[in-house]
Amino acid sequence: MAKHETPLLDQLESGPWPSFVSDLKAQAERRAKNEEGIEFQIPSDTVDDLLGILELSFKHGRTHWKHGGIVGVFGYGGGVIGRYCDQPQAFPGVEHFHTMRVNQPAGKYYTTDYLRTLTKLWDFRGSGITNMHGATGDIILLGTTTPQIEEIFHTLTHDMGQDLGGSGSNLRTPADCLGQSRCEYSCYDTNAMVYFLTNEYQDELHRPAFPYKFKFKLDGCPNCCVASIARSDMSFIGTWRDDIRVDQDAVNKYVENDAAYPANAGAFRGSKDWGPFDLEKEVLGLCPTKCMKFENQKLSIDNANCTRCMHCINVMPRALKIGKETGCSILVGAKAPILDGAQMGSLLVPFVEVNPDNDYEAITEVIENVWDWWMEEGKNRERLGELIMRQGFQKLLEVTGIKAQPQHVQYPRTNPYIFWKEDEVEGGWERDVEEYRKHHQR
Amino acid sequence: MAFISTGYNPAKPMENRITDIGPKDHNDFYPPVIKRNKGKWSHHEILEPGVLVHVADSGEEVYTVRVGGARLMSTGHINEICDIADKHCDGHVRFTTRNNIEFMVDSKEKVEPLKNDLAARKFDGGSFKFPIGGTGAGITNIVHTQGWLHCHTPATDASGTVKAAMDELFADFQDHRLPAQLRVSMACCLNMCGAVHCSDIAILGYHRKPPMLDHEYLDKVCEIPLAVSACPTAAIKPSKQLLANGTEVKSVAVKNERCMYCGNCYTMCPSMPLADTEGDGIVLMAGGKVSNRISDPKFSKVVVGFLPNEMPRWPSMTKAINQMVNAYSNGANKYERLGDWAERIGWEKFFEVCELEFTHHLIDDFRQQAYMSWRQSTQFKF
Ligand code: HEM
Ligand code: HEM
Ligand code: HEM
Ligand code: SF4
Ligand code: SF4
Ligand code: SF4
Ligand code: SF4
């Protein structure tokens with residue numbers, strides 16, 4: 001028997017898509033029955049009250065959560081988000097309902113042993129409700145009380161070898177695509193690098209010393225499955241600088257519409273019939289740089305003019321492979337719209353090697369130069385992208401010691417208002433007006 | 001409910017403390033077939049919606065069955081995922097960036113039993129627990145934020161709008177009939193925790209009323225300078241206020257016409273709530289993408305300025321989304337993303353074929369970049 005009537009939420013139980021309402025109700029029932037005899041450390045009816053307060057929001061069209069005070073674990077400035085409800089008398093089970101962010105593994109691979117240990121802990125000390133995963137990438141444990149937080153942290157670190165993720169003005173939990181673990185497009189091992197960076201920068205992740213949040217995201221190729229280019233202050237996007245590898249026999253299989261060579265790896269196998277595959281129209285014609293030719297059953301690519309957009313490779317993965325000389329591009333400054341409008345990442349490093357053998361030296365150097373500048377010059381709550389806007393891209397090049405190159409721009413500036421630095425101008429700015437007047441009358 | 005301690009002693013927090021250990025090592029979590037072939041994959045193929053095979057140079061194969069799900073998930077549900085992974089996948093499972101779940105097996109014979117098992121599992125209310133799909137030229141799971149379930153500034157619910165939208169889009173979750181993949185994202189206030197601003201279709205919660213001011217309590221519960229500095233548009237200033245009983249209190253004043261309803265002040269100061277039944281609702285955006293394929297990544301554009309919150313299923317919202325998906329499906333060329341299609345036909349035609357009304361709210365007036373979006377040309381379509 002449900003504790004609260006939920007007529008509005010009940011209408012979200014029908015329909016084919018997995019219903020979070022059904023899941024919450026089943027969970028409430030499991031907690032009420034408690035067949036495993038768990039000694040719940042927070043109220044057993046917390047999920048009933050979560051349903052109840054959500055129903056109330058559906059009725060009012062308004063949230064019933066308050067932002068909440070400082071909660072956290074000793075010595076860390078992030079990883080826990082305080083949350084209280086504004087109707088504690090009616091819904092005491094969610095009076096305190098804090099979130100813990102648990103740092104997800106690279107590629108989000110799990111063993112069931114690990115997941116079961118985590119669910120056991122969360123049933124015992126929390127609501128048993130999670131997000132798999134939050135938008136940053138963490139495992140989100142949704143709903144516990146203040147006294148449980150240190151206890152959960154203790155179990156995570158002592159028994160599970162598992163740390164919290166970031167929140168607040170620090171490095172947020174870095175996230176990656178699955179990369180080389182299962183994707184042939186991946187130009188570097190995203191899993192290894194995200195693991196390295198997360199460990200290398202634990203201090204920055206746990207102890208706020210930044211003007212605002214900072215995100216790393218790692219995509220193995222320009223397809224950008226984790227949206228790094230739009231969602232991270234610094235994105236690492238795999239790329240290559242030699243030639244796309246071509247298997248001519250396989251190209252011809254695609255041309256012949258061989259069933260084992262479906263266009264775009266089968267992405268169009270569905271209820272719509274697009275007709276037979278047409279290499280000329282679907283690959284050559286859509287190549288943004290028109291750098292491909294198909295003559296005498298031979299595909300040739302003018303690689304010097306290819307911008308590595310991935311289209312042809314996506315369409316014919318059995319015939320075309322990324323190059324062998326791989327690395328990544330680094331883009332900086334992406335952020336959501338607050339405040340000056342959204343910013344996409346801007347290309348800072350066109351190509352850098354990804355070398356685990358020297359601890360990604362070339363990459364950490366860029367990271368640390370950027371951080372030094374941002375920590376020195378950034379105003380409170382100023383994202384890196386905003387600082388770049390305020391002080392200029394040229395300043396960014398200066399602090400990172402990177403030489404300007406045409407790859408940095410879509411097109412050169414359209415105004416001539418160049419702010420020269422004094423030392424760039426021959427003879428400097430100090431001049432003698434009297435000397436001038438000798439030749440120019442007043 | 002007696003308190004059970006782990007041994008942690010609040011008086012000596014540093015005793016035996018372990019910190020800065022980071023995440024678990026992914027190498028311990030890879031399925032064996034992944035571990036063996038990492039970095040040596042030759043190619044992949046989507047066999048049918050939701051089912052992929054990746055073939056390694058060694059000839060080994062891994063079959064993946066991708067299923068959708070709510071990212072809001074109970075431990076009971078996770079345990080069920082574990083049961084399935086134990087039964088079919090030797091105890092391994094992974095999650096995708098877009099909140100899907102992937103079950104991997106190392107041979108073709110294991111695929112059918114896995115699929116049948118997944119497809120047969122339903123919640124008591126009748127919905128699928130593990131619908132197979134989310135690949136290729138279709139619509140995959142919606143990434144979203146917290147909404148009324150857990151956040152203090154949402155202008156709409158996240159899980160509810162997502163469930164309503166995915167029920168409508170479900171056929172396209174399990175099909176590949178669209179010209180290209182179509183990514184839908186959801187964020188419940190303009191902070192866009194989920195960064196929805198580069199999605200083919202974005203659902204965004206939006207407030208339309210500046211905060212209310214609880215003058216009597218404001219100075220008692222808030223640090224006024226923090227509230228003032230929280231405002232991105234400098235709309236808040238300290239001010240003395242006279243209460244009804246005649247006492248003068250320190251509080252703040254808000255210049256309403258400068259407010260962009262972001263809720264940052266409420267984050268800093270609980271005496272400045274802004275949620276409102278009529279004021280809050282939904283903005284729809286369209287035409288963004290993050291992939292570099294063919295065209296550059298681009299931002300989504302606002303195509304519906306406001307829709308009211310209609311609990312529990314947001315019918316006006318799902319109707320507008322359907323109109324866009326159908327017009328796109330009928331009009332776009334193969335491989336053409338929604339934004340590329342809209343640019344090719346022209347946004348004036350986009351509104352026509354999607355049967356969406358263009359209003360003055362859709363013309364940018366926010367800061368300098370607004371100018372970039374006005375038409376500086378005599379080329380347009382009637
Ligand atoms: C100190 C500042 C400036 C000086 C001394 C200056 C001087 C001149 C001169 C000498 C001419 C040529 C007139 C002729 O045909 O003989 C001219 C033309 C013009 N200036 Fe400037 N200018 C200045 C700033 C600007 C600025 C800031 C703008 C625009 C933002 C501007 C826009 C123009 C335009 C549109 C013309 C006409 C060009 C044409 O006939 O094709 N000027 N200006
Ligand atoms: C939108 C901005 C501006 C435009 C379109 C503009 C345009 C012009 C034009 C067309 C001339 C006449 C040039 C000629 O025929 O010899 C001129 C002269 C001049 N402008 Fe501007 N100007 C602009 C802004 C400024 C600003 C911001 C300043 C100074 C702060 C400035 C200072 C001058 C001066 C000192 C002259 C020379 C006057 C003279 O020789 O008698 N202008 N401007
Ligand atoms: C000043 C503006 C912002 C405020 C006040 C704010 C506040 C919050 C709060 C309170 C949460 C926790 C929600 C919960 O779990 O209850 C949150 C989550 C989050 N925020 Fe923000 N946020 C802001 C801006 C942003 C921006 C600009 C981004 C991204 C670029 C962002 C990314 C995130 C992400 C990824 C999460 C996790 C969301 C989820 O997984 O549900 N936030 N934010
Ligand atoms: S971003 Fe590229 S490498 Fe990473 S999963 Fe996507 S397609 Fe593969
Ligand atoms: S990757 Fe893109 S730009 Fe390069 S050849 Fe292929 S389609 Fe053309
Ligand atoms: S988008 Fe806004 S309302 Fe939604 S979780 Fe983020 S801060 Fe909260
Ligand atoms: S809602 Fe945002 S813009 Fe409006 S007063 Fe508060 S902080 Fe300022």
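The values are calculated or read from the model by the stated rules, or taken from the named source; none is laboratory data. All of these numbers come straight from a predicted model, not from anything done at the bench. Every residue, glycine among them, receives a Cβ derived from its backbone with ideal geometry; neighbour counts consider all protein chains shown.
Per-structure values
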{"read-out": "Residue check, A:Leu205 of a type in the set (A, V, I, L, M, F, W, C) and not in a helix (DSSP H, G or I)", "value": "no"}
{"read-out": "Scope the range B:132-161; condition among the hydrophobic types (A, V, I, L, M, F, W, C) and more than 8 Å from chain A (Cβ to nearest Cβ); matching residues", "value": "B:Ile132, B:Ile139, B:Ile142, B:Ala155, B:Ala158"}
{"read-out": "Total residues in the range B:18-60, condition more than 7 Å from chain A (Cβ to nearest Cβ), under 32 Å from the mean Cα position of the chain (by Cα) and in a strand (DSSP E or B)", "value": "4"}
{"read-out": "Complete set of residues in the range A:388-402 that are assigned to a helix (DSSP H, G or I), aliphatic (A, V, I, L, M) and over 8 Å from A:Trp373 (Cβ atoms)", "value": "A:Ile388, A:Met389, A:Leu397"}
{"read-out": "Hey, B:Ile294 at pLDDT 95 or above, part of a loop (DSSP other than H, G, I, E, B) and not basic (Lys, Arg) or not", "value": "yes"}
{"read-out": "Some residue of the range A:324-344 being buried (at least 21 other Cβ atoms within 10 Å of the Cβ), in contact (Cβ under 8 Å) with a residue 12 or more places away in the chain, closer than 22 Å to B:Tyr328 by Cβ and within 16 Å of ligand 4 (Cβ to nearest atom)", "value": "no"}
{"read-out": "Any hit, the range A:211-221, residues being more than 9 Å from ligand 4 (Cβ to nearest atom), under 30 Å from B:Val53 (Cα atoms) and at the interface with chain B (Cβ under 10 Å from one of its Cβ atoms)", "value": "yes"}
{"read-out": "Boolean, B:Pro273 is within 16 Å of ligand 6 (Cβ to nearest atom) and either part of a loop (DSSP other than H, G, I, E, B) or not small (Gly, Ala, Ser) (or both)", "value": "yes"}
{"read-out": "Scope the range B:293-330; condition within 19 Å of A:Ala267 (Cβ to Cβ) and more than 11 Å from every other protein chain (Cβ to nearest Cβ); matching residues", "value": "B:Val325, B:Tyr328"}
{"read-out": "Residues (within 16 Å of ligand 4 (Cβ to nearest atom) and either in a helix (DSSP H, G or I) or not assigned by TED's automatic domain parsing to the domain that holds A:Asn252 (or both)) located in the range A:267-317", "value": "A:His311, A:Cys312, A:Ile313, A:Asn314, A:Val315"}
{"read-out": "Cβ-Cβ under 7 Å pairs, at least 6 apart or on other chains, the range B:31-52 side among the small types (Gly, Ala, Ser), far side in a helix (DSSP H, G or I)", "value": "B:Gly39/A:Gln180"}
{"read-out": "Residue match in the range B:183-192 (condition: away from ligand 5 (no atom under 16 Å from the Cβ), outside any strand (DSSP E or B) and at pLDDT 95 or above)", "value": "yes"}
{"read-out": "Only listed residue being surrounded by fewer than 21 Cβ atoms within 10 Å (Cβ to Cβ) and within 11 Å of ligand 5 (Cβ to nearest atom), chosen from A:Asn303, A:Asn296, A:Asn252, A:Asn314", "value": "A:Asn303"}
{"read-out": "Failed item in (1) more than 9 Å from chain A (Cβ to nearest Cβ); (2) farther than 30 Å from A:Arg172 by Cβ, with B:Met186 passing the rest", "value": "(2)"}
{"read-out": "Members of the range A:31-55 found to be surrounded by fewer than 21 Cβ atoms within 10 Å (Cβ to Cβ) and assigned to a helix (DSSP H, G or I), listed by number", "value": "A:Ala32, A:Lys33"}
{"read-out": "Qualifying residue in the range A:355-376 (condition: assigned to a loop (DSSP other than H, G, I, E, B), buried (at least 16 other Cβ atoms within 10 Å of the Cβ), away from ligand 6 (no atom under 16 Å from the Cβ) and within 14 Å of another protein chain (Cβ to nearest Cβ))", "value": "no"}
{"read-out": "Residue that is nearest to the other protein chains (Cβ to nearest Cβ) [pool: residues in the range B:70-108 that are within 23 Å of A:Gly15 (Cα to Cα) and out of contact with any helix residue (DSSP H, G or I) (no Cβ under 8 Å at 6 or more places or on another chain)]", "value": "B:Arg71"}
{"read-out": "Positions within the range B:257-295 being within 16 Å of ligand 4 (Cβ to nearest atom) and either farther than 22 Å from A:Ala336 by Cβ or not basic (Lys, Arg) (or both), in sequence order", "value": "B:Val290, B:Ser291, B:Asn292, B:Arg293, B:Ile294"}
{"read-out": "Residue tally, condition facing another protein chain (nearest Cβ under 7 Å) and not in a strand (DSSP E or B), over the range A:61-94", "value": "5"}
{"read-out": "Members of the range A:103-135 that are among the hydroxyl-bearing types (Ser, Thr, Tyr) and either assigned to a helix (DSSP H, G or I) or crowded, with 24+ Cβ neighbours inside 10 Å (or both)", "value": "A:Tyr109, A:Tyr110, A:Thr112, A:Tyr114, A:Thr117, A:Thr119, A:Ser127, A:Thr130"}
{"read-out": "Verdict on A:Gln180 being in contact (Cβ under 8 Å) with a residue 40 or more places away in the chain, at the interface with chain B (Cβ under 10 Å from one of its Cβ atoms) and over 16 Å from the mean Cα position of the chain (by Cα)", "value": "yes"}
